[in-house]
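Okay, so here's the structure we're looking at.
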Amino acid sequence: MKNFGLSRVIEPAGSLPVTAWKLDNSEELRQGEIRIRLSSIVFERENFFQLCSICENDDDRIRERIIKIVNERGKFHNPYTESSALFAGTIEETAAGFDLGDLKVGDDIICLTPMAGLPAFIEEIGEIDEYYGKIQCTGYAICFETVQLVKVEDLYSRSTIHLIRALEEEGSIYGISCELRSREIKKAAIIGSNIAEAIYYSQMVADSNPLERVSVKFVIDGAYFTGITQEDLRIIFGPMVDGIYFVDLSKPMEAVEKIMSAEGGEAFDAVINLENIKGCESVASLISKDNGLVCYTSMNNRYCHGLLVVDCLGKDITHYGLDGYSSNAYDFALELVEKTEPALRRLDAFYAGKKKRPRKVRTAFKERTQAAARQIDGFIYKSQVTAEMVEEVLNVAQYDCNVIIQGETGVGKEKVFNLIHQNSSRKDKPCVKINCATITENLAESEFFGYEKGSFTGAQAGGKEGYFELANNGTLFLDEIGSLSLAMQSKLLRVLQESTYYRVGGTQPRHVNVRVICANNIPLKKLVEEGSFREDLYYRLNICLINVPPLRFRKEDISCLAEAFLKNYSGKYGVEKEFSDDAYRQLEEYHWPGNVRELENTVHRLYIAEKERIIDGYAVDALINQNMLGEVVLDIRKEVGGEETIDFNQLMDEQEKKIIAYALQKKGTTRKAAEFLGIPQTTLARKKLKHNL
């Protein structure tokens, strides 16, 4: 068997390099290996848009992100989109056992094998081409005997980018081309937003029927892609397409009506879908003829959804889905690039005249996370802080280990647990959620481990299953685990160490296979230092630690969360209401000591209290300040209780502290807070220091 990199796998042991989490990317060659000096990397489209979205289109952050992934994994393989990249470089050195064939050391090459299965190291990243998802870089990649390498004459020519892009798509293009040739189609539609890909597929469609010119229409999601017009596209495509439709694919019926009206009701012989927007599968199926062909360039491009749509429509449509490698890849891709060179040059010229890359309004990453949120009980976010936490959570989810989730009350620790469970290998197994703070100490053991019949007075006749038994082979979530007694913590530790336990009153050990994920609003490390939590249990649980940031540290999340909560209540009560822009600003200025839970409660109260359809900033300010003033005004009766005398100076200090804290929270800066209170900024700063605020 040829060398395909098994010796480079670090973890998990026994997996293939392409599916491994981490590879050994050391520079020294082993038998059957070759080292390529990198010059450029071209990313898969969705992967590049995800990187841009996470990094807010900041080039320096994109560079840091790519290097971080490669450093952590020893390869470039984004685990959240399961996507990778192709690269170009120069053959630097070969080891014994590697047959170069017609190649030699010093040749410039393109690697047809994705970087997901190849050890790599990136030293430095230079220019980033936002239009085509290409980076210039230095470093190296290790290739094996099974890797496909092809020689290129000019590694730094502009056409190299297009060639790599075509090579990325060639499996699908070639396969669909064969399918179209067997049908001799006359009319086709291409749905997508990647212009270069659409150019390749338009040429392929034109070549599929040598007997008759094929009419090609291009459908682009106008709500999804900005910065380019129909006239721009007409110039770029030239005679390759006969019509261009800007539609909103998320509203498939409107899109279909627009297309079919312009087409005089005549459907298409073939529809090629390059897109992964929800709704594109419906459009593709609806504009296709009976006995027509719908092709998906990737199994991820809504292929399975398209099958369901066709079943519901009752149409007889052939579905074709392919995304793979073809043995004649290079020759096919090279011919395609040569034929489409005029259109690609016009595309290059268009991009060269733009100061910024045409942006996607709804980026692939945003759609992916929103789709995941809908699956896991509304986990919605927009901030970079939360995005980084979500990535950490998705990483942890795939490892079957114990986890501690910590964060303030109301931040959404249970939502984070749901995210872990739904993305874990145990997602279809039992999931038991327990709030440890509600368990009475004398019943804790029987609740966790169950009991045998007759084990104590009042026991059920048939005995009872405990939490561990109910969660066997699944996941057990222990919220507020810090409230358990030390005695119960000791029993819990034994189960985690030995995976066995005894029911109360039982004599036979019971074996259990449970993943334990716990949460606490006070850091468990602090409880260990205070002596209220066992240190050995803490280290048993603390394989992975996830900190959920408070809402005040991720203010970008406030507006999207508030909007989601308001939509939920609008659906529940049947009256549609919206926040005005100034209402969102007021919500974002508040410090939210109760975090997401307080935000949801506030939105609920605003929905009920506001009689108008639009909830404005005045309504938000009035409700929030009512809450805050209640915290500011000192309740003397509560403070002094039954005391015969009171300490006037102490009470005044407490009142002053609350007023200063209130002003700082409301206005954000000492200058604005001082203006709000009508005192000099130096006075406020001195009092802030005095009260340690």
Quick one: is residue 183 basic (Lys, Arg) and under 18 Å from residue 338 (Cα atoms)? no
Within segment 391-414, which residues are in a helix (DSSP H, G or I) and surrounded by fewer than 19 Cβ atoms within 10 Å (Cβ to Cβ)? 391, 392, 394, 395, 414
In segment 303-331, the residues that are part of a loop (DSSP other than H, G, I, E, B), within 30 Å of the chain's Cα centre (by Cα) and either aromatic (Phe, Trp, Tyr) or modelled with pLDDT of 75 or more (or both): 325
Determine if segment 160-173 includes at least one residue that is open to solvent by 30 Å² or more (accessible area, probe 1.4 Å) and closer than 30 Å to residue 291 by Cα. yes
What's the number of the only condition in (1) outside any loop (DSSP other than H, G, I, E, B); (2) open to solvent by less than 70 Å² (accessible area, probe 1.4 Å) that residue 380 fails to meet? (1)
Candidate set from segment 241-281 (those that are modelled with pLDDT under 90 and open to solvent by 20 Å² or more (accessible area, probe 1.4 Å)); member that is nearest to residue 198 (Cα to Cα): 276
I'd like the full set of residues that are touching a residue at least 24 places away in the same chain (Cβ under 8 Å), farther than 19 Å from residue 406 by Cα, more than 32 Å from the chain's Cα centre (by Cα) and open to solvent by less than 50 Å² (accessible area, probe 1.4 Å), limited to segment 494-532. 495, 501, 503, 504, 506, 512
Return yes when residue 485 is surrounded by fewer than 16 Cβ atoms within 10 Å (Cβ to Cβ), touching a strand residue (DSSP E or B) at 6+ places or on another chain (Cβ under 7 Å) and either farther than 29 Å from residue 409 by Cα or not basic (Lys, Arg) (or both) and no when it is not. no
Between a first residue in segment 437-465 that is under 12 Å from residue 485 (Cα atoms) and a second residue that is open to solvent by 70 Å² or more (accessible area, probe 1.4 Å) and part of a helix (DSSP H, G or I), which pairs have beta carbons less than 7 Å apart while being 6 or more apart in sequence or on different chains? 445/491
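So that you can scan it fast, the table gives a plain yes or no per residue for (1) within 26 Å of residue 587 (Cβ to Cβ); (2) assigned to a helix (DSSP H, G or I):
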residue	(1), (2)
518	no, no
525	no, yes
528	no, yes
536	no, yes
552	yes, yes
560	yes, yes
569	yes, yes
Can you tell which of 612, 631, 589 is open to solvent by 80 Å² or more (accessible area, probe 1.4 Å), modelled with pLDDT under 75 and either on the phi < 0 side of the Ramachandran plot or touching a Lys or Arg at 6+ places or on another chain (Cβ under 6 Å) (or both)? 631
In segment 544-584, what count of residues is obtained for those that are open to solvent by 20 Å² or more (accessible area, probe 1.4 Å), hydrophobic (A, V, I, L, M, F, W, C), modelled with pLDDT of 90 or more and farther than 22 Å from residue 612 by Cβ? 2
The listed residue being closer than 30 Å to residue 594 by Cα and surrounded by 17 or more Cβ atoms within 10 Å (Cβ to Cβ), out of 385, 432: 432
How many residues of segment 533-545 are charged (D, E, K, R) and either touching a residue at least 60 places away in the same chain (Cβ under 8 Å) or closer than 17 Å to residue 396 by Cβ (or both)? The answer is 1
Tell me, which residue of segment 282-302 that is open to solvent by 40 Å² or more (accessible area, probe 1.4 Å) and of a type outside the set (D, E, K, R) is modelled with the highest pLDDT? 286
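The values are calculated or read from the model by the stated rules, or taken from the named source; none is laboratory data. No experiment lies behind these values; they were computed from the predicted model shown. With ideal geometry, Cβ positions are generated from the backbone for all residues, glycine too; neighbour counts draw on all protein chains shown. Ligands, DNA and RNA are stripped out before the accessible areas are found, and what is left, the full protein with its side chains, is counted by its heavy atoms. Shrake-Rupley method; radii C 1.70, N 1.55, O 1.52, S 1.80 Å.
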